[in-house]
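Structure, as structure tokens:
The values are calculated or read from the model by the stated rules, or taken from the named source; none is laboratory data. Computed from a predicted model, the values in this text were never measured in an experiment. FYI the Cβ positions are ideal-geometry reconstructions off the backbone, even for glycines, and counts take in every protein chain you see. Only protein heavy atoms, including side chains, enter the accessible area calculation; ligands, DNA and RNA are left aside. Shrake-Rupley method; radii C 1.70, N 1.55, O 1.52, S 1.80 Å.
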Amino acid sequence: MYVAVKGGEKAIANAHALLAKRGQGSTDAPRIDYPQIRNQMGVLVSRVMAEGSLYDPELAAKALLQAQGDVLEAVTLLRSYRTTLPRFGVTIAVDTVGLPSERRVSATFKDIPGGQQLGATFDYTHRLLADELHTPEVATPDVPIDEPMPRVTDLLGADALVERDRPDAGWTDPDPGDLTREPTVFPMSRAERLQALTRGDEGFLLSLGYSTQRGFGNNHPFAGEVRVGEVEVEFYAPEIGHAVPIGRIELTECQMVNQFVGSADQAPQFTRGYGLVFGRAERKAMSMSLVDRTLRHQEFGERIVSPAQDEEFVIAHADNVEAAGFVEHLKLPHYVDFQAELGLIRSLRREFQERHPAEASEAPAADNSTLMEANA
């Protein structure tokens, strides 16, 4: 722990006051309220909820407002608040098979049961800055959407063209660990990896996912399906004796379909990459599914040839809160450490000059030698 510098308390208080003033901006402009952020910046709120591991749009909007739009700071605030909440139990795993999709697209088949649902997306917008934002009227669908929407991977699974999502009919998922309460131990189970990836930094996962497509990870993906919609969450209450619904949350799910040429004991087939995140976060879910498939290299006998295939490298560096803290701690006082390094460099330079007197005499003198001597 770093010891506070004498006289620093007043400076810190002034820094806080200046930060609040900068966040307010012009006194003539009306202040933004968190309901505006929650309602009008849903994509940003979704990212903070996913990386903060807490589904609460209102709290995520408050964190963004307090952090003045700094996503990592907002995620840190949300995680800190999350640690103060009591835990009553674990919910039943959500069933996304019947996820009523606001948006559902597939890049593998043009015509799929239930149809393609474009929903709310930037995919077809013109990337031009508008002088003024406007909200057009949304037309009512001519035909109500009530046709079932089975997963595309289930359609492929009917012909055994894609790996099973479960080893056999009687297999059940083991209880997943909790990375927020238990230390990370490598190698991890796939459930633990997915838990780490869903709260990982979107930019980091996007770059890793992109690298796998560029040849650094043996990934040849197709977007089997991307869904966005609300799903009901149920909690088993022992006092009642059965599960009860406790609310609905918005999720984005992605299943990537990847080529696999087979091995000595496995037939050629498609394999899966999976991503599931809070809110509307298609890019995050797609990046997550790319990295998930790449990290499954041991299951298919693939060699590790790139960083995206190294489980410890990916998981240990995906958490943006930890990464930001480790980088930003460099701003804190390191006076003693630096003086030790400075003394070592001086000692090594003296030894070098004794061995090479001719080269040492030609070396220019340092301009800041006086400052170094004063600090020493």
| task | Go through Ala60, Ala15, Ala11 for me and flag whichever is crowded, with 17+ Cβ neighbours inside 10 Å, without any contact (Cβ under 8 Å) to a residue 40 or more places away in the chain and of a type in the set (Gly, Ala, Ser). | result | Ala60
| Residue among Ala316, Ala267 that alone is open to solvent by 20 Å² or more (accessible area, probe 1.4 Å), at pLDDT 90 or above and assigned by TED's automatic domain parsing to the domain that holds Ser189 | Ala316
| query | Among the residues of segment 151-164, is there at least one that is of a type in the set (Ser, Thr, Tyr), modelled with pLDDT of 75 or more and under 28 Å from Pro113 (Cα atoms)? | reply | yes
| Can you spot a residue in segment 69-79 that is over 17 Å from the mean Cα position of the chain (by Cα), at negative phi and of a type in the set (Lys, Arg)? | no
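Residues to consider are Asp70, Asp111, Asp56; find the one that is of a type in the set (D, E, K, R) and within 27 Å of Pro221 (Cβ to Cβ). I'd like the intermediate steps shown before the answer.
On the way: Asp70 fails: within 27 Å of Pro221 (Cβ to Cβ); Asp56 fails: within 27 Å of Pro221 (Cβ to Cβ).
Going through Asp70, Asp111, Asp56 in turn, just one is of a type in the set (D, E, K, R) and within 27 Å of Pro221 (Cβ to Cβ): Asp111.
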| Residues satisfying the stated conditions in segment 74-110, i.e. touching a residue at least 12 places away in the same chain (Cβ under 8 Å) and assigned to a helix (DSSP H, G or I) | Ala74, Val75, Thr76, Leu77, Leu78, Arg79, Tyr81, Arg82
| request: Note down all Cβ pairs under 7 Å where the first residue falls in segment 291-306 and is assigned by TED's automatic domain parsing to the domain that holds Ala267 and surrounded by fewer than 24 Cβ atoms within 10 Å (Cβ to Cβ), the second is among the polar types (S, T, N, Q) and not in a helix (DSSP H, G or I), and they're at least six residues apart or on different chains. | output: Phe300/Ser263; Phe300/Thr271; Gly301/Ser263; Glu302/Asn218
| query | Right, Val226: open to solvent by less than 70 Å² (accessible area, probe 1.4 Å) and among the β-branched types (Val, Ile, Thr) or not? | reply | yes
| said: Criterion first (in a helix (DSSP H, G or I), more than 16 Å from Gly209 (Cα to Cα) and either open to solvent by 90 Å² or more (accessible area, probe 1.4 Å) or modelled with pLDDT under 90 (or both)) does Ala358 satisfy it? | reply: yes
| request: Pull up segment 133-150, narrow it to residues that are at pLDDT 75 or above and open to solvent by 100 Å² or more (accessible area, probe 1.4 Å), then point me to the one that is nearest to Thr271 (Cα to Cα). | output: Val138
| query | Which condition number in (1) of a type outside the set (A, V, I, L, M); (2) out of contact with any Leu (no Cβ under 9 Å at 6 or more places or on another chain); (3) at pLDDT below 90 is the one that Gly217 fails? | reply | (2)
